[in-house]
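FYI, it's all coordinate maths here, none of it is from the lab. Just so you know, these numbers come straight off a predicted model, no measurement behind them. Ideal geometry is used to build each Cβ from the backbone, glycine not excepted, and the neighbour counts take in all protein chains shown.
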Amino acid sequence: MEVWFIILISISISAIVKPIINLLFPTIKHTHNLPPGPRIIPIIGTLLWLRKSTFEPERIIRSLHAKLGPMVTLHFGSPPTIIISDPSLAHQALVQNGAVFADRPPALAVGKIMSCNQHNIGSANYGPTWRLFRRNLTAEILHPSRVKSYSHARKWVLHILLDSLQSQSKSGDTIRVVVHFWYAMFCLLVLICFGDKLDQNWIKDIEQVHRRLRVSLLRFNILNY
């Protein structure tokens with residue numbers, strides 16, 4: 001009962017203070033024609049969405065697309081997120097009008113920590129830093145000459161994959177092939193990142209930390225509020 005009382009008092013204070021602030025500090029509002037989306041109560045509705053979407057995001061998004069169309073706006077953070085399910089619309093936005101949507105908004109508190117203040121190719125602002133990341137990626141990792149230079153690494157990873165499959169097959173247990181492939185690919189990525197073959201126990205520790213991070217990533221978003 002005390003928790004709901006505190007929530008009601010907080011909402012009441014916010015409802016009183018916000019008009020006063022708007023009156024004393026008027027701001028120019030920019031309207032944007034956003035795609036349709038579900039209506040939610042600010043803060044409370046957002047927290048409920050984050051809690052629910054942690055467990056079943058794909059099913060919720062599919063149901064929203066079925067009701068509202070191929071473009072849906074979700075307000076589970078700031079700024080709003082637009083999800084596109086139609087390939088032709090995605091091509092228009094990302095390819096034909098790529099320069100318009102190339103930039104990325106400033107990251108929230110959790111995003112800044114996860115991306116080292118947006119210093120990676122997936123989160124950096126469109127500009128010199130992002131172009132430097134792209135040039136390093138295409139020249140140092142994806143270039144054909146660099147791909148050939150990692151042939152020894154791929155052989156090492158293939159040996160790890162075969163050994164793990166053979167050792168589990170001898171035990172008579174059910175083999176979850178996807179787990180072994182995932183670990184083998186993770187070994188390759190760790191080698192590319194650190195430039196050396198780490199001990200497999202270290203690789204398993206890094207994999208566990210990375211997996212826990214991915215599982216808890218959506219839950220961390222609640223800290224932005």
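Could you work out how much longer the chain between LEU94 and VAL209 gets when fully extended? Use 0.36 nm per residue separation minus the Cα distance between them, nm to one decimal. Numbers along the way, then the final one.
On the way: separation 115, 0.36 × 115 = 41.40 nm, distance 3.23 nm.
Once the chain is fully extended between LEU94 and VAL209, it gains 38.2 nm.
Please compute the length gained on full extension between VAL178 and VAL147, using 0.36 nm multiplied by the number of residues separating them and subtracting their Cα-Cα distance. Write out the running numbers ahead of the final one.
Working: separation 31, 0.36 × 31 = 11.16 nm, distance 2.38 nm.
Extending this stretch completely gives an extra 8.8 nm.
Could you go through segment 201-207 in sequence order and give the Karplus-derived ³J(HN,Hα) for each residue, using 6.51 cos²θ - 1.76 cosθ + 1.60 with θ = phi - 60°, rounded to whole Hz, and x for Gly and Pro?
5, 5, 4, 5, 5, 5, 5
How long is the gain from ILE222 to ARG62 if the chain were fully straight, where each residue apart is worth 0.36 nm and the alpha carbon distance is subtracted?
On the way: separation 160, 0.36 × 160 = 57.60 nm, distance 2.30 nm.
That works out to 55.3 nm of additional length.
Which of rounded, prolate, oblate describes segment 104-146, given a ≥ b ≥ c as roots of the alpha-carbon gyration tensor eigenvalues and a/c under 1.5 marking rounded, otherwise prolate only if a/b is larger than b/c?
Working: a/c = 4.06, a/b = 2.29, b/c = 1.77.
Here segment 104-146 falls in the prolate category.
Sort segment 93-225 into rounded, prolate or oblate with this rule: let a ≥ b ≥ c be the square roots of the eigenvalues of the Cα gyration tensor; rounded if a/c is under 1.5, and if a/c is not under 1.5, prolate when a/b is larger than b/c, oblate otherwise. Don't skip to the end; give the middle numbers.
On the way: a/c = 2.45, a/b = 1.51, b/c = 1.62.
Judged from the Cα gyration tensor, segment 93-225 comes out oblate (a/c at least 1.5, b/c at or above a/b).
Evaluate the distance, in nm, between pseudo-label points positioned 7 Å from the Cα of ASN33 and of LYS112 along their respective Cα→Cβ axes.
About 3.5 nm separates the two model spin labels.
Return the long-range amide H neighbours of GLY37 (sequence gap of 5 or more, or a different chain), with a cut-off of under 5 Å between placed amide H atoms.
Placed amide hydrogens put THR73 under 5 Å from GLY37.
At 7 Å along the Cα-to-beta-carbon direction for both LEU162 and ALA102, put a label point, then send me their distance in nm to one decimal.
It is 4.5 nm.
Rounded, prolate or oblate for segment 150-220? Axes are the square roots of the Cα gyration tensor eigenvalues, ordered a ≥ b ≥ c, and the cut-off for rounded is a/c under 1.5.
Numbers: a/c = 2.32, a/b = 1.16, b/c = 2.00.
It comes out oblate by the Cα gyration axes.
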